[in-house]
Amino acid sequence: MDNTVLKGVITKVTSKGFGFIRCSGVGEKGSLSEGAFDVFFHASSCIMGLAFDSLQEGVKVCFAVKDTEKGKVAFGVMKDESGK
């Protein structure tokens with residue numbers, strides 16, 4: 001998958017900093033997937049304006065996705081300040 005910026009909402013976070021982001025599947029450069037899908041993330045993948053203690057369900061975020069041996073993983077996660 002390329003570095004297209006995606007938008008989503010944090011749907012689950014554990015006390016260890018693992019969680020999932022629900023993504024609509026549409027990035028700024030076009031559609032990557034039809035329908036919504038969940039992407040795994042870890043707090044260590046968060047940057048700019050998203051501290052561990054602010055990782056809460058319902059927070060809107062922007063991120064990119066990379067493929068790993070275990071599946072798709074979000075990286076470069078940051079708060080979505082666009083208001084959209």
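Do we find that Gly27 is modelled with pLDDT under 70, surrounded by 11 or more Cβ atoms within 10 Å (Cβ to Cβ) and not polar (S, T, N, Q) in this structure? Spelling it out, Gly27 is indeed modelled with pLDDT under 70, surrounded by 11 or more Cβ atoms within 10 Å (Cβ to Cβ) and not polar (S, T, N, Q).
Number of residues in segment 6-24 that are at pLDDT below 85 and in a loop (DSSP other than H, G, I, E, B) equals 1. When segment 60-69 is limited to residues that are in contact (Cβ under 8 Å) with a residue 24 or more places away in the chain and more than 8 Å from the chain's Cα centre (by Cα), the one that is nearest to Ile21 (Cα to Cα) turns out to be Lys60.
Taking (1) buried (at least 17 other Cβ atoms within 10 Å of the Cβ); (2) modelled with pLDDT under 90 in turn, Ala36 satisfies each apart from (1).
Residues that are at pLDDT below 90, under 11 Å from the mean Cα position of the chain (by Cα) and assigned to a strand (DSSP E or B) occur at least once in segment 44-52.
Note on segment 70-81: residues that are free of Cβ contacts under 8 Å to residues at least 40 places away in the same chain and in a loop (DSSP other than H, G, I, E, B) amount to 2.
The values are calculated or read from the model by the stated rules, or taken from the named source; none is laboratory data. These numbers come from a predicted model, not from an experiment. Cβ atoms come from the backbone with ideal geometry, glycine included; neighbour counts cover every protein chain shown.
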